[in-house]
Amino acid sequence: MEFKITSGHLKNARVKGVVSFLFKEQKKFPLEIQELDEVLDGAVSQIKRELKFDGSEGKFMVVPTFGKGKTDFVIIFGAGSKKDFNLDKARRLGALSVKKLKELKIDRFLIDGEALSVKDSQGDTAQALTEGIILGGYRFDKYLSKKDNFKIKEVQIRVSRRYKKLAEEQVKTGEILANAQNFTRDLVNEPGNVITPQKLAEIAEELAKQYGFEVKIYDEDEIEKMGMNAYLAVAKGSANPPRFIHLTYRPKNAKREVALIGKGLTFDSGGLNIKPGDYMRWMKSDKAGACAVLGVFKAIGELKPDITVHGIIAAAENMPDGKSYRPDDIIKAKNGVSIEIGNTDAEGRLTLADALCYASELKPDMIIDMATLTGACIVALGEYTAGVMGNSQKLIEEIIEVSQKTGEWMWQLPFNDMLREHIKAPHADVYNIGTTRYGGAITAGLFLEKFVDKKIPWVHIDIAGPAHNTRGWYYHPKGATGFPVRTITTFLKKKSEE
Ligand code: BES
Ligand code: ZN
Ligand code: ZN
């Protein structure tokens with residue numbers, strides 16, 4: 001798919017389809033469409049009247065031109081109310097356009113970004129449309145013997161002349177972000193029989209080779225030597241050995257240093273506390289945090305921001321076996337904190353514990369971890385919103401602010417001292433579950449806190465809800481979403497420019 005920016009008149013566009021938009025408040029078409037309508041002898045306004053098309057969200061109209069204009073079809077979508085409009089709605093409209101254009105077999109089209117710009121700059125609108133088009137067109141079809149081979153070849157995004165340069169730049173950013181997100185989706189959608197911890201390490205090595213990152217992979221003996229016994233305990237029951245992955249992007253003029261950690265359970269059966277069948281489905285997605293970190297690396301490999309970034313993944317598989325760790329086991333993490341196991345299905349926090357110790361030793365300016373950590377987070381916030389916690393209110397707010405622009409919904413869950421009481425264990429420093437079933441996302445966050453150097457600002461993002469979806473929503477098809485690749489990359493880019 002090739003993206004181009006244009007400022008030409010709609011009536012002159014030489015493409016198979018011209019896509020534009022109408023807000024609910026707009027009784028008449030804007031001038032550009034009126035001119036196109038004239039070329040088509042009033043066909044657009046006639047169909048508008050016949051369909052009683054009024055710009056409401058979800059409405060659309062298709063006008064075939066029968067050889068009259070330079071385009072074969074004019075398609076107009078309702079953009080809803082102007083005052084409720086935001087950039088994520090532009091993403092959704094981009095995705096909706098792709099869906100309709102595929103049905104009409106239109107592989108070259110122009111999309112009118114100017115018609116959508118309200119309060120945001122047309123650069124932002126063009127970027128959002130680009131993201132929506134790439135994300136909305138995504139399918140995980142590599143295992144299908146019958147594929148839909150239709151591909152969109154060319155997208156022209158139209159903006160007014162004074163925004164052309166800015167839009168060119170931002171569309172490029174949008175392409176990089178959305179393609180990185182699709183890369184993450186591909187990895188998360190791969191099942192546990194394909195992506196094992198070793199395979200994940202190989203993928204990290206390939207990325208390193210492609211973009212010139214430093215990479216170090218530690219095997220089980222080295223993991224043991226480093227004292228990562230919490231992580232090792234989780235991995236013990238699997239025939240697929242663990243791999244600890246450390247990627248580093250180190251540009252010359254780095255202003256800051258950030259450590260990103262992703263939960264990388266290539267499959268979570270629950271271990272000896274085995275999950276019932278319905279809850280075990282989709283647990284291939286328990287590596288979504290790790291795959292998001294890899295997606296962010298793909299994006300920064302192309303965007304090249306002035307900031308050093310570490311990508312840390314303690315990859316493992318949680319399986320029941322004679323060698324598995326058990327409930328009541330007491331283990332010691334890398335920083336010496338002893339952990340009593342209450343439930344082997346609360347395994348993610350054990351792998352993250354050692355990864356957080358490792359990251360703390362690097363003494364970065366901040367640590368951000370992302371993890372499909374708790375079902376409780378989904379109960380608290382619903383499937384579409386990630387829970388954000390940590391030791392730095394400033395950093396939490398900065399990340400949530402970025403997420404409001406990217407449309408990757410995030411909300412803070414507050415720590416408190418009473419819930420801290422609930423992770424006290426009978427015979428060790430800390431329990432890997434809460435002694436109350438309420439506030440489970442927060443007790444998981446509080447557990448992680450024990451393994452972070454208090455001097456380092458740290459944020460934990462629980463993505464159990466939005467990392468994958470069994471129905472699909474907006475510009476996400478069924479399965480992996482690639483959440484929160486765009487937010488984290490945009491945040492890093494922002495930090496590198498401050
Ligand atoms: N990987 C799961 C969390 C999860 C649940 C992710 C649903 C995506 C969808 C995690 O390892 C887990 O099993 N957590 C337990 C913790 C409990 C045993 C304290 C949970 O949430 O039930
Ligand atoms: Zn689990
Ligand atoms: Zn898990």
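Every read-out reported here was derived from the displayed coordinates using simple, explicitly stated rules and does not represent laboratory data. Treat the numbers as computed from the prediction; the structure is a model and nothing was measured. With ideal geometry, Cβ positions are generated from the backbone for all residues, glycine too; neighbour counts draw on all protein chains shown.
Helix by helix through the chain, keep the DSSP H runs that span 15 Å or more along the axis on Cα and average at least 0.5 on Kyte-Doolittle, and give those back in order. Mind dumping the intermediate values first?
Details: long enough: 87-103 (25 Å, -0.58); 122-136 (20 Å, 0.24); 164-189 (36 Å, -0.65); 197-211 (21 Å, -0.71); 288-303 (22 Å, 1.52); 348-361 (20 Å, 0.33); 393-406 (20 Å, -0.38); 485-497 (18 Å, -0.56).
Membrane-span-like by this rule: 288-303.
With the gyration tensor restricted to C-alpha atoms of the range 165-278, the semi-axes of the equivalent ellipsoid amount to 31, 20, 12 Å, longest first.
Backbone amide hydrogens, once placed in the peptide plane, bring Thr344 within less than 5 Å of Asn273, excluding anything fewer than 5 places away on its chain. The chymotrypsin sites (Phe, Trp or Tyr not before Pro) found in the range 118-160 that occupy coil by DSSP, while having at most 10 further C-beta atoms within 10 Å, are Tyr143. With semi-axes defined as the square roots of five times the eigenvalues of the C-alpha gyration tensor, the equivalent ellipsoid of the range 333-411 measures 25, 19, 9 Å, largest first. Here the range 2-160 carries DSSP beta bridges of which approximately 20% are antiparallel, counting only pairs with both residues inside. Relative to its residue count, the chain spans a Cα convex hull of 150 Å³ per residue. Summary of packing: across the peptides 100-112, 358-370, 479-491, the per-residue average of other C-beta atoms within 10 Å ranks them, highest first, as 479-491, 358-370, 100-112.
Please work out the Cα center distance from the range 311-389 to the range 25-80, rounded to the nearest Å. Their Cα centres are 54 Å away from one another.
Taking the convex hull of the Cα atoms, report for the range 304-436 its projected area averaged over all directions, in nm². Please report the intermediate quantities before stating the final value.
Working: hull surface 40.2 nm².
Result: 10.1 nm².
Of the peptides 35-43, 455-463, 60-68, the order by per-residue mean of other Cβ atoms within 10 Å, starting with the highest, comes out as 455-463, 35-43, 60-68. Over the range 2-160, the reciprocal of the mean inverse Cα-Cα separation, the Kirkwood hydrodynamic radius, stands at 15.8 Å. Short to long, the 5 Å bins of the Cα pair-distance histogram for the range 416-465 hold 4, 20, 30, 24, 16, 5, 0 percent of all pairs.
In whole percents, the pair-distance distribution calculated for the range 270-354 from its alpha-carbon pairs, binned every 5 Å from zero, is 3, 12, 19, 19, 16, 13, 9, 6, 4, 1. Summary of packing: across the peptides 203-215, 69-81, the per-residue average of other C-beta atoms within 10 Å ranks them, highest first, as 69-81, 203-215. Taking the convex hull of the alpha carbon positions in the range 118-226 and averaging its projected area over all directions gives 10.9 nm². All Cα-Cα separations within the range 447-498 were binned at 10 Å from zero, giving a P(r) of 19, 34, 33, 14, 0, each value a whole percent of the pairs. Pairs spanning more than 20 Å between alpha-carbon atoms, out of Lys209/Lys334; Lys105/Lys164; Lys298/Lys494; Lys16/Lys119; Lys172/Lys298; Lys100/Lys165: Lys209/Lys334; Lys105/Lys164; Lys16/Lys119; Lys100/Lys165.
Two decimals is fine: what's Rg over Rh for the range 121-169, C-alpha atoms, Kirkwood radius as Rh? The partial results should precede the final answer.
Details: Rg = 14.7 Å, Rh = 12.8 Å.
Reported Rg/Rh, Kirkwood definition of Rh: 1.15.
Using just its DSSP H runs of length 4 or more, each adding -39500 (n - 2.57), the chain gives a mean residue ellipticity at 222 nm of -11500 deg cm²/dmol after division by all residues.
Taken over the C-alpha atoms, the range 211-340 has Rg and Dmax values of 16.5, 51 angstrom.
Between Val19 and Ile75, Leu110, Ile111, Asp112, the built amide H atoms are under 5 Å apart, and every one of these is 5 or more places off in sequence or on another chain.
Indicate, rounded to the nearest 5 percent, the antiparallel portion of the DSSP beta bridges found entirely in the chain.
Values: 27 of 72 bridges.
In the chain, DSSP labels about 40 percent of beta bridges as antiparallel.
Taking only Cα atoms of the range 387-498, what ratio of Rg to Rh do you get with Rh as the Kirkwood inverse-distance radius?
Values: Rg = 15.9 Å, Rh = 15.6 Å.
Rounded to two decimals, Rg/Rh equals 1.02.
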